[in-house]
Each structure stands twice: as C-alpha cells, then as structure tokens.
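Here the structure comes first, spelled out in structure tokens, and everything after it is commentary.
FYI, it's all coordinate maths here, none of it is from the lab. The structure presented is a predicted model; accordingly, all values stated were derived computationally and were not measured. We place every Cβ from the backbone using ideal geometry, glycine too, and count neighbours over all the protein chains shown.
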C-alpha cells in the first residue's frame, strides 16, 4: 500500500513540476513578446528611424525568446544564450553612452565583453568535446540554423 502511495505521490510531484515549468515558460515568453511589441510600437516606431541601440535592444529580446524556446523544447537552460544577451547588453550600453564614458569605463566594458566571449567559446568547446552523444544530438537539433529539405 505504501509503495502505491509513494508512486502516486512521485507521479503527482512530477506532474506538478512539469506544469509549473510550462506555466512559467508561457508567462516569461508572453512577457518577452509583450515587452518587445511595446518597445517596438511605442518607442521605436515613434521615431523617424531606428538607432543602433534600438536594434541591439531588439536583438536582446530575440535572444531572450530563443532561450525560452530552447528551454521549452529541451528542458535544459542554454547558458550560452545568457552570455550572448550579456554581451549584447554591454555592447548596447557602450554604443549608447560612449561619449559620456571615460577611458577606464570603456576598457572595463570591452574587457567584460571579451571575457564573456571567451566563456561562450569555452562552453561551445566543452559541449562539443565532452557532451554525451545523446546530449549532442538533442541540443544541436534544436539549435540548428539550417534545415535540410529534399525537393521532389
């Protein structure tokens, strides 16, 4: 009897965690879409042209959405996307406030971007070299930039 209750509780717990993940992902994804649309419609479109910082902000929204989508598909948090988002945010900050920054701050920001790029490279190499075959296939299929199609 205890074994059946334990199995039922385990199944219920797994169901509750999966449901929480799905709801959380939909809330986060919806918030990203809402913020991106609001920014685009009311801040970017109200100007006669989009500036570099506007375009970089849209890339940040795109990377956040991609990270949520990959987590939804694979149930794995793609940490490398956090690094990409951080590099884009720092680049945006640098592009917007370049004239107001002193040399020390500029060098610090550029060094931070370089460190994040090195970290992204290390993650890629580690993933390619040390991931199990199952992890390589599942992660790469979802991150692929191209699709192979056959024309009949």
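Brief remarks on what is shown
- The length gained by stretching the chain between residue 77 and residue 51 to full extension, at 0.36 nm per residue less their Cα-Cα distance, is 6.2 nm.
- Here each label is just a point 7 Å from Cα along the line to Cβ, and for residue 101 and residue 66 those points are 2.2 nm apart.
- Computed [θ] at 222 nm, helices only, for the chain once each DSSP H run of length n ≥ 4 contributes -39500 (n - 2.57): -27500 deg cm²/dmol
- The long axis of helix 133-143 is offset from the longest Cα principal axis of the chain by roughly 50 degrees.
- Angle of helix 2-38 to the longest C-alpha principal axis of the chain, folded into 0 to 90 degrees and rounded to 10: 20°.
- Evaluated at q = 0.13, 0.14, 0.21 Å⁻¹: base-10 log I(q)/I(0), Debye formula over Cα of the range 2-130: -0.74, -0.82, -1.20
- Choice from 82, 57, 98 with maximal GNM fluctuation in the chain (Cα, 10 Å cutoff): 98
- Helix 52-74 and the longest principal axis of the C-alpha atoms of the chain enclose an angle of approximately 10°.
- Among 87, 67, 41, residue whose mean-square fluctuation peaks in a GNM of the chain (springs only between Cα atoms under 10 Å): 41
- The chain: most fluctuating residue of 84, 12, 121 per GNM, C-alpha cutoff 10 Å: 12
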